[in-house]
Amino acid sequence: MPGGVSVESLRVTVRGSGIDVVDDVTFAVPRGHVLGMVGESGSGKTTVALALLGHARRGLEIAGGSVRLGADDVLRMSAEQLQRARGRRMAYVAQDPGSALNPALSVGRQLRETLAAHRQAVGDPEIRLTEMLEEVRLDGGADVLSAYPHQLSGGQQQRVMIAMAFACRPELIVLDEPTTGLDVTTQRHVLATIKAMCEAYGVAALYVSHDLAVVGEMAHDVGVMYAGRLVEIGPTDEIFRIAAHPYTRGLLRSIPRSDAGAHLSGLPGRPPRPGARPRGCAFAPRCPMAVDDCTVAPPEPVRVTSEGHLARCIRVQESVARSRELLHDGHRARGEAAVASGSLLRVTGVSASYGGQPVLREVSLSVAAGECVAVVGESGSGKTTLARCIVGLHERWSGEISFRDSALAPGVRQRDLQAVRAMQYVFQNPYTSLNPRKTIQQIVEQPLATMSSTSALERHRRVGEALDEVALGQDYARRFPDELSGGERQRVAIARGIVCDPALLVCDEVTSALDVSVQATVIELLRRLRDERGLTLLFITHDLAVVRSIAERTVVISNGEVVETGATEQVLDRPQADYTRALLADAPRLRSTGGDLANRGADPSRS
């Protein structure tokens, strides 16, 4: 199928410095195809995605290369031409719909404004509006159209964004983590919708994600970014079956799975910052296969098994052989964390509402000291409301919540300071939970400053330790949130949650914005904190694969009611409720043939 988008030698630099953030990136996406772009936070995925739209983040500039949309070079378009093209010929779905949607306008008005701006491309706006809502499964059209963004769940907000992006059936659509906040059922529908619409209307799509399992189901081809360069690209089946670059194989080992429990294997070390890329292969300092020749010069793309499968590695054949070996002779490490006796948190018959609308109905659960309990369910099921009731951020509830055998007052302001300090909350969305006017040092130390009498010097030391624990480092303390990627911001939020040594950490979708390697590191960090410090975890998530990796017990919630609870293995392997079975059926699974690369070879030293 002719057309699509082609990128040649793309280079994006820090404005005025010549330091490259993205360098020598080349790929093509035919019409009707989806290219999944993966890599750790800060690898350049979103920078490349924005460049396809002729845009660069504040402080960056597109310094070279071309982005051809059909016969036109996007990077040579004038500002007026770009304005006409955006929305009609090319569209964008942001990671955070809460920030992308205008909070002062109703959803209906925002959708109609999009259609009005490109009336010639959509025909009858009202007919197209109805089609858009149906395509993204937004039921109750009139209620959705009259609502404001804050009145919708995160999943509904993201579906509005996807509807807006596909409104004019563009030639190119760029999707930046579009299913991050969605439960598995909604995620599966949205992914199927995106893929079907791309194929039906001949739309070329770039799908940026940290979730390799989702990319495996969604994308025709996969590109792997590391330190601003495309280190591997090829057909999805080949990439997941015989990863040719050691970095790709490391990412695959970091993937959690809903059908197999394992200690996750994160990549050691950190990617280099812009301007600090080593002379040779940027991955060499972290690579278990590195040799002296790897430090001489950046490797050129090498053909792997087919014309479309390329990797930047001088040891491609050895790496491919290693991948094939792991498919047949891997090993899986698994450990069982001991659960301390005694109930730390107990929720009994809790019902809650928003504006008279019931959200929770007679919910009961308990969490033992040192235990991790996962609460799963679709968007809007009541998971986050339950978590907010527990920590005192939502006051309109009845029933009883006790912590250390003492009943808690409904609101956080009425609670004892020690109880507040002992229960910390990590929010789902780091874009809105971090104060953009404060440095990372000020953000992370805030719980210490407000709930303890520690000195400024001691607070500075503990902030540094917390940043080290979440794999950021103390040099991040002087930065501001807008200088960090989405994954880095979430790690800051986690650092803020653990800095005052709480007894209970309530984690609300804390890994949803993280790439798989960092996700694995964070999961293992939380496991270690629980094992070494006796930290108790209440883990709110829609990711069933992550649940198996960390939780001993799982509670399944649907429409504000507990429909199933039990040991995690029992719930996931032998579900009793139809709702749980449906969630498991919708969970994405990594495509692989001949074995299980994703959970094998956990020890990189064997490479």
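Taking every C-alpha pair closer than 8 Å and separated by at least 6 residues, the mean separation divided by the residue count of the chain gives a relative contact order of 17 percent.
Inter-label distance, residue 582 to residue 442: 4.7 nm, where each label sits 7 Å from its Cα along the C-beta direction.
The ranking of 451, 90 from fewest to most other beta carbons within 10 Å of each one's beta carbon is 451, 90. Taken as entire DSSP H runs, the helices of the chain that both span 24 Å or more between Cα atoms along their own long axis and average 0.0 or more on the Kyte-Doolittle scale are 184-201. Based on alpha-carbon centroids, what's the gap between the range 459-506 and the range 1-62 in Å, whole number please? The distance from the Cα centre of the range 459-506 to that of the range 1-62 comes to 29 Å. Cross-link partners of residue 195 among lysines, defined as those whose alpha carbon lies under 26 angstrom from its own and excluding same-chain residues fewer than eight positions apart: 45.
Ratio to report: Rg/Rh of the range 462-564, with Cα atoms as the point set and Rh obtained by the Kirkwood method; give two decimals. Rounded to two decimals, Rg over Rh is 0.99. The order of 470, 144, going from fewest to most other C-beta atoms within 10 Å of their C-beta, is 144, 470. List the residues of the range 436-456 whose backbone N lies under 12 Å from a point placed 7 Å from the Cα of residue 417 along the Cα-to-Cβ direction. Correct set: 448-454. Looking at the chain alone, DSSP beta bridges between its own residues are antiparallel in about 60 percent of cases.
Take every Cα pair under 8 Å whose residues are at least 6 apart in sequence, average their separation, divide by the length of the range 418-557, and the relative contact order is 30 percent.
Over all Cα atoms in the range 5-209, the spread is summed up by Rg and Dmax: 16.8, 51 Å. Would you kindly calculate the translational diffusion coefficient of the chain, applying Stokes-Einstein with the Kirkwood radius from alpha carbon pairs, for 25 °C and a viscosity of 0.890 mPa s, and quote it in µm² s⁻¹ without decimals? The estimated diffusion coefficient comes to 98 µm²/s. Computed extension gain for residue 130 through residue 501, at 0.36 nm per residue and net of the alpha carbon distance, reaches 128.5 nm.
No value in this document is a laboratory result; all are computed from the given coordinates. As the structure is a computational prediction, the values presented were derived from the model and not from experiment. Cβ atoms come from the backbone with ideal geometry, glycine included; neighbour counts cover every protein chain shown.
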